[in-house]
There are 2 protein chains.
Amino acid sequence: MAEEVILLDFWASMFGMRTRIALSEKRVKYDHREEDLWNKSSFLLEMNPVHKKIPVLIHNGKPVCESLIQIEYIDETWPDKNSLLPSDPYKRAHAKFWADFIDKKVNVTARRIWAAKGEEQEAAKEFIEILKTLESELGDKKYFGDETFGYVDIALIGFYSWFGVYEKFGNISIESECSKLIAWAKRCLERESVAKALPESEKVATFVSDCRKKLGLE
Amino acid sequence: MAEEVILLDFWASMFGMRTRIALSEKRVKYDHREEDLWNKSSFLLEMNPVHKKIPVLIHNGKPVCESLIQIEYIDETWPDKNSLLPSDPYKRAHAKFWADFIDKKVNVTARRIWAAKGEEQEAAKEFIEILKTLESELGDKKYFGDETFGYVDIALIGFYSWFGVYEKFGNISIESECSKLIAWAKRCLERESVAKALPESEKVATFVSDCRKKLGLE
């Protein structure tokens, strides 16, 4: 069957980056469609009527929403290349736990650093603690899944392109606090899938500055 | 191998109820250990050092945290009885989407009804809208997974034992607004796994009243 794969995406989204990386790891060809988040397409609203958010993966006309669910879907649908999740149920549960931790902690706290007024310092302190927890889970392993790049790496790596933003608005140095995590990020960036999916930090910084103006924060 | 399965739980937790139901559907025997949430055991803190929350499922000494991840783990570890998730990747992704929706929307909004001051009415209105969205997804199906009781049903049904609390503090009638969802809940309660896992509404009401006193809300 001829596969039709469409990704509704936005370049600066760390969630979109996840799905781009997963598709790239599986060598899936897809039609990449950039959305204007301030003027969403009717196709996006039709494909994700509940959350109205990117990324949306559309496979043969059927939408899959939420980036972590998309990674699992991609792994199950194209199982022949680069397994993204371990096959052992306990290891799978362990990977899902850490990806869930990233969704619950990293993004929420990161947003409080750059998109809120007055609580940046507290959020920045919490953010470093969260990264240290992740660093402790990483330990001396090459990737979160040990020797294999996979689910947890994909869930986290997109945030790296925003680290400069968090450092600027949180007045922190992530590299000096979490050097092992930075080394891990640089290892991930050696993969073509990651290098292609992540935007340049300077471009993200400009985008965030524009966002803050639109949100009335500057 | 002799299986050792322990569940660290708290009777009124809708998350704990999920895991109880999943274990019961699979006919897994386990050691049920009730936690005092105001004085957590050192075993709980050791088994879930990151979130320090119940439920924790401990299988042959290894902890699995977060209730939705536990359901998936249970389904993968004991695959021979009552599949909880569909085998088709698209249907799996669809079920995960709705369970994720329940975690992101239902619990957060429900808590705003009974555990906050002054915004109960707004939260109650939002809560009804969220239930209507779920009702629309249910449609005329017997269960969320059509003819098969499974993942999404398990993710949602525990909240039913708290509906009386939401009705009281939100000043709403869920039955008159969402009659199909109530009929679904009653169908679920015909299953032994659900009937055994859900506490009586009156007991939950007394517990919430005590909680509100402890939180200084009454």
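Read the figures in this text as sums done on the coordinates, not as results from a lab. Just so you know, these numbers come straight off a predicted model, no measurement behind them. Note: ideal-geometry Cβ built from the backbone for every residue, glycine included; neighbour counts use all protein chains shown.
Using a Gaussian network model of chain A in which every pair of alpha carbons under 10 angstrom is joined by a spring, one finds that among A:Trp78, A:Trp11, A:Trp38 the greatest mean-square fluctuation is at A:Trp38. Remark: for residue pairs A:Lys62/A:Lys213; A:Lys213/B:Lys132; A:Lys40/B:Lys105; A:Lys142/A:Lys213; A:Lys52/B:Lys180; B:Lys26/B:Lys213, the C-alpha separation exceeds 28 Å in A:Lys62/A:Lys213; A:Lys213/B:Lys132; A:Lys142/A:Lys213; B:Lys26/B:Lys213.
Residue by residue, the range B:167-182 carries 3J(HN,Hα) couplings of 5, 5, 7, x, 6, 10, 10, 5, 4, 6, 8, 9, 5, 5, 5, 5 Hz when phi is fed to the Karplus relation 6.51 cos²θ - 1.76 cosθ + 1.60 (θ = phi - 60°); x denotes Gly or Pro. Return the percentage of antiparallel bridges among DSSP beta bridges fully within chain A, rounded to the nearest 5 %. Around 70 percent of the beta bridges assigned by DSSP in chain A are antiparallel ones. Label-to-label distance, B:Ser42 versus B:Lys214, with points set 7 angstrom from Cα along the beta-carbon direction: 2.2 nm. If the cut-off is 17 Å between C-alpha atoms, which aspartates and glutamates fall inside it for A:Lys214, apart from same-chain ones fewer than 8 positions away? Cα-Cα hits under 17 Å: A:Asp36.
The string of couplings for the range A:208-218 from the Karplus curve (6.51, -1.76, 1.60, θ = phi - 60°) is 5, 4, 5, 4, 4, 5, 4, 7, x, 9, 10 Hz, one whole number per residue in order, with x for Gly and Pro. For the range A:87-108 versus the range A:3-80, the inter-centroid distance based on Cα atoms is 20 Å.
Straight-distance candidates among the aspartates and glutamates for linking to B:Lys168, with alpha-carbon spacing under 20 Å and chain neighbours fewer than 8 residues away dropped: B:Glu119, B:Glu120, B:Glu122, B:Glu126, B:Glu129, B:Glu177, B:Glu200, B:Glu202, B:Asp210, B:Glu218. With a simple spin-label model that places each label point 7 Å from the Cα along the Cα-to-Cβ direction, the separation between A:Arg111 and A:Phe207 comes to 1.6 nm.
In sequence order, the range B:146-162 has phi-based couplings of 6, 7, 10, 5, x, 3, 5, 4, 5, 5, 9, 4, x, 5, 4, 6, 9 Hz under the Karplus curve 6.51 cos²θ - 1.76 cosθ + 1.60, θ = phi - 60°, and Gly or Pro positions carry x. Using the Cβ-Cβ distance between B:Glu3 and B:Arg187 with R0 = 22 Å, the FRET efficiency computed as 1/(1 + (r/R0)^6) comes to roughly 0.10. Taking a ≥ b ≥ c as the square roots of the eigenvalues of the Cα gyration tensor, the protein assembly as shown is classed as rounded, since a/c falls below 1.5.
Tally the DSSP beta bridges in the protein assembly as shown and give the antiparallel ones as a percent, rounded to 5.
Here the share of antiparallel DSSP bridges comes out near 70 percent.
Rounded to the nearest 20, the Cβ-based charge dipole of chain A about its Cα centre (Lys and Arg +1, Asp and Glu -1) stands at 240 debye.
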